[in-house]
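What follows is a set of notes on a single structure, which appears directly below.
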Amino acid sequence: MALIGHRTTLQEHVAAGLRDKGPSDGLGAVIMAIANGSRRVQQQVQQAALADALGTTGETNVQGEIVQRLDKASSDIFVETLSASGQVAAIGCEEIERPVIVEGDAGGGFIVLMDPLDGSSNIDVAVSIGSIFGIWQKRPGETVNDDSLLRPGNEQVAAAYVVYGSSTVLVLATKNNVSGFTLDSGSGDSGSGEFALTHPNIRIPVECPYYSTNEGNNKVLDEPTQKAIALLRNKYSLRYVGSLVADFHRNLLKGGIFAYPADQNRKDGRLRLMYEANPLGYVAEQAGGAASTGYERIMDIVPTQLHQRTPLILGNKDVVEETVAVIKAG
Ligand code: AHG
Ligand code: MN
Ligand code: MN
């Protein structure tokens, strides 16, 4: 069953559309490297239980978190496809302590920071997980080193994520354009293997039916944050998958707000600035939404450490602003 028919493929979108929506030189190749990697990760996610590839590697990553075998496999796949694109100068990855610098002729003009597999607690239980990418251009004439990756979110030229859910969807954000592409999975007659445009020009709905937060953390929130969450609780329905990328994707399409604030146990918050908050904050803003720590715009943070964490309030612009106002009021 070939379903794509008249639909624009990601390849076509990248070849045609990016010309006036972002720096065209090489960005398309970076996006296609992400798409190609995600096709392989999607297969591994689908097959993991059958291939006895679930469970942990027995290692702890630089975040102090247990590494799942699929975290490691996804990290390896994306490092490989991005390095081979010829357009990437450096890769920062949640699972890798130091940046991967792509030396010499193989290197290119872009810096990619990624969470290769988001939603660790859902990997083994067939619940939606995903991959997240922020993309920067290296500075003119720059020789890339570890510090080159410490760039604020507002300098991103594009961001993307992939959700491995009941279908596999890649969402690409460039300046003022957010579009979603669904993988026509399988091969031969059962699917084209292409990502096809199914969600053109995504704008986050003004209506906000949902809030997404870990309610189990409520008792360790400070009082202003408790007040802000109580306001959300009183107004909206709770939806919490526990995979940021899936929670965000639902809220982007249906309207909603995601909140993972700082608390007594997580003084700097839980989520990673460079791999989660910046890329999804960029997607949200290009779709008309907002991203804040509760005190400042995520995009304006000048990072000091590759793996730094941040509180995150993300989604519908009006509701993010209202939530931030309650937190700031103290
Ligand atoms: P990762 O799997 O990349 O480490 O990220 C997990 C994150 C994120 O996906 C999710 O929003 C959050 O952890 C859930 O945390 P809690 O289990 O504390 O709610
Ligand atoms: Mn994550
Ligand atoms: Mn991860």
Normalised by the residues of the stretch 10-199, what does the relative contact order come to in percent, with Cα pairs under 8 Å and at least six apart? 16 percent
Using the structure shown, list the pairs from LYS72/LYS138; LYS175/LYS267; LYS175/LYS235; LYS138/LYS175 with a Cα-Cα distance above 21 Å, or answer none. LYS72/LYS138; LYS175/LYS267; LYS175/LYS235
Find, among the trypsin sites (Lys or Arg not before Pro) in the stretch 214-290, those assigned to loop by DSSP (not H, G, I, E, B) with at most 11 other beta-carbon atoms within 10 angstrom. LYS267
When each pair of different Cα atoms in the stretch 224-274 is counted once in the 1/r mean, what is the Kirkwood radius in angstroms, to one decimal? 12.2 Å
Over the chain, calculate the relative contact order: mean separation of alpha carbon pairs under 8 Å at least 6 apart, over the residue count, as a percent. 16 percent
Three-way shape label, the stretch 10-199, alpha-carbon gyration tensor, a/c 1.5: oblate
In the stretch 192-330, what percent of the accessible surface is made up of carbon and sulfur (1.4 Å probe, ligands and nucleic acids excluded)? 49 percent
Looking at the stretch 167-247, which GluC sites (Glu not before Pro) are DSSP coil and have at most 14 other C-beta atoms within 10 Å of their C-beta? GLU207
Shape call for the stretch 210-329, from the Cα gyration tensor axes a ≥ b ≥ c (a/c under 1.5 means rounded, otherwise prolate when a/b beats b/c, else oblate), comes out rounded
Taking the chain, the equivalent ellipsoid from its C-alpha gyration tensor has semi-axes in Å, biggest first, of 29, 22, 21
Quick one: net charge of ILE101's neighbours, Cβ under 14 Å, K/R +1, D/E -1? -4
So who's got an amide H within less than 5 Å of the one on VAL157, skipping anything under 5 residues away but keeping other chains? H placed 1.01 Å off N, in plane. ILE135, TRP136, GLN137
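The values are calculated or read from the model by the stated rules, or taken from the named source; none is laboratory data. In this text, all values refer to a predicted model and were calculated from it rather than measured experimentally. Heads up, the Cβs are rebuilt from the backbone with ideal geometry, glycines too, and the neighbour counts pull from every protein chain shown. Quick note on the areas: whole protein, heavy atoms, side chains included, nothing else; ligands and nucleic acids left out. Shrake-Rupley method; radii C 1.70, N 1.55, O 1.52, S 1.80 Å.
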